[in-house]
1. Cα-based count: Lys pairs in segment 1-89 below 18 Å, eight or more positions apart or different chains?
2. How long are the three semi-axes of the equivalent ellipsoid for the chain, computed from the Cα gyration tensor as the root of 5 times each eigenvalue, in whole Å, largest first?
3. Give me the aspartates and glutamates in straight-line cross-link reach of LYS151: C-alpha distance below 16 Å, same-chain residues under 8 apart excluded.
4. Mind checking segment 44-128 for GluC sites (Glu not before Pro) that DSSP puts in a loop (not H, G, I, E or B) and that have at most 13 other Cβ atoms within 10 Å?
5. Let a ≥ b ≥ c be the square roots of the eigenvalues of the Cα gyration tensor of segment 110-191; is it rounded (a/c under 1.5), or, if not, prolate (a/b larger than b/c) or oblate?
6. How much of the accessible area of segment 1-51, probe 1.4 Å, is carbon plus sulfur, in whole percent?
7. Which number comes out as Rg/Rh for segment 4-86 once both Rg and the Kirkwood Rh are worked out on C-alpha atoms?
8. Could you provide, to the nearest whole Å², the per residue accessible area of the chain with probe 1.4 Å?
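The values are calculated or read from the model by the stated rules, or taken from the named source; none is laboratory data. Everything numeric in this text was worked out from a predicted model, so none of it was measured. All Cβ positions, glycine included, derive from the backbone under ideal geometry; neighbour counts span all protein chains shown. Each accessible area value is taken on the protein alone, full model and side chains, heavy atoms only, with ligands, DNA and RNA left out. Shrake-Rupley method; radii C 1.70, N 1.55, O 1.52, S 1.80 Å.
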Amino acid sequence: MTNLILFGPPGSGKGTQATKLVEKYGLLHISTGDLFRYNLKNNTPLGQEAKTYMDKGALVPDSVTIKMLKAKVDENKNVGGYIFDGFPRTIPQAEALNILLGEDNESISALIALDVDDEEIVSRLLERGKTSGRADDTDESIIRNRIAVYKKETSPVYDYYNETGHSMKIKGIGSIDDIFGRLCNEMDKLV
Ligand code: ADP
């Protein structure tokens, strides 16, 4: 199996690139943000709980997030691999993911981070907010909070996988196809 963590700050293009990677490599895309939004839309208890955090640009508690992710992986065992997008976002999430994959003698093949600077992120997210219908994309202070949370809680996940030589960065600025080309260069070494 090829198990990729597509990493990077909010608005770095993870979702866009994940869709293209799925087409090319046939992996299962699991986005915790999408799973939370699905629950929100359907007004499930999980969605109601997640909303209070998402609206502030805060992280949903690890226990809730890990449980949801585990259920999704358990439902989809017969796949060629996973693209994790928006997960893990904390060190406890990374540890839980390693244990979960380890139960099937699997592991993370690589973490690829899309490198994009803060000002580019703020302008991309404000632009996305005009059409996405996402409350967390319309308010600049919420966007800045998400970036701060990313730096404090999420960026250590890069170092965590870097310790075992699994982390790498690619330039996340340029056309969608240019960035996809850079990602494929790395993916082709893994599959
Ligand atoms: P973005 O990458 O644009 O911030 P996502 O769609 O990945 O957006 O996530 C939206 C929101 O969902 C996050 O701000 C957070 O509140 C919640 N969320 C998503 N994934 C996680 C996670 N792994 N752990 C905790 N909260 C998460």
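1. Close lysine pairs under the 18 Å cut-off: 6.
2. Those come to 24, 21, 16 Å.
3. ASP115, ASP117, ASP118, GLU119, GLU120, ASP159
4. Answer in residue order: GLU103.
5. Note, shape of segment 110-191 comes out oblate.
6. 51 percent
7. The Rg/Rh ratio comes out at 0.97.
8. Value for the chain: 49 Å² per residue.
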